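What follows draws every value from the coordinates through simple rules; no lab data is involved. Please read all numbers here as calculations on a predicted model, not as lab measurements.
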Amino acid sequence: MASFDRQVVKLMNKLEKVLVRLVVLGVVALVIVQLALARAKDPLDFYLTFSQKIESAPLEQAETTWQPNLVLTTEGGDGSKLKILVNDREVGDLHAGRLDLKVKKGDRLAAEVRNVPKGLRLKVSGVGQEFTYPRLNQVWSLRGSILDLGEVQTK
């Protein structure tokens with residue numbers, strides 16, 4: 001029993017040393033962070049500068065460089081229940097009668113057409129020059145529950 005007690009005491013001493021070292025390192029790190037924040041004239045500016053260094057591209061640039069290369073529109077009715085799928089993931093609906101997409105070669109296009117009014121058609125109103133399929137002004141009649149529109153192909 002005495003050897004067990006000695007082992008427990010040794011273990012507790014090691015644990016205590018580790019905890020003391022962690023607390024000391026934490027206090028030192030806290031002091032360094034406080035000094036860095038104190039040097040900043042405006043803490044908000046410090047965080048913004050820090051986040052810009054971490055981010056790969058600022059949000060403003062990402063929004064301005066996005067260009068759709070496929071535009072789908074509806075003809076003959078309300079397309080709010082028409083959902084467009086790219087590679088089996090929903091990317092949007094045509095509630096505004098139009099959907100701009102950024103697709104690449106090999107992407108699989110589909111439309112979920114459940115509860116879509118009769119007579120509604122899906123039309124390709126804009127397509128990138130590099131695409132051979134889908135073609136500009138191509139129209140699909142919407143029937144069934146899922147309509148496979150095909151795979152995007154390029155020249």
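I need the shape label for the chain. Rule: rounded when a/c is under 1.5, else prolate if a/b > b/c, else oblate, with a, b, c from the alpha carbon gyration tensor. Judged from the Cα gyration tensor, the chain comes out prolate (a/c at least 1.5, a/b above b/c).
Which three semi-axes in whole Å describe the equivalent ellipsoid of the stretch 67-154, each the square root of 5 times a Cα gyration tensor eigenvalue, listed largest first? Walk me through the numbers on the way to the answer.
On the way: eigenvalues 77, 34, 26 Å².
Values for the stretch 67-154, descending: 20, 13, 11 Å.
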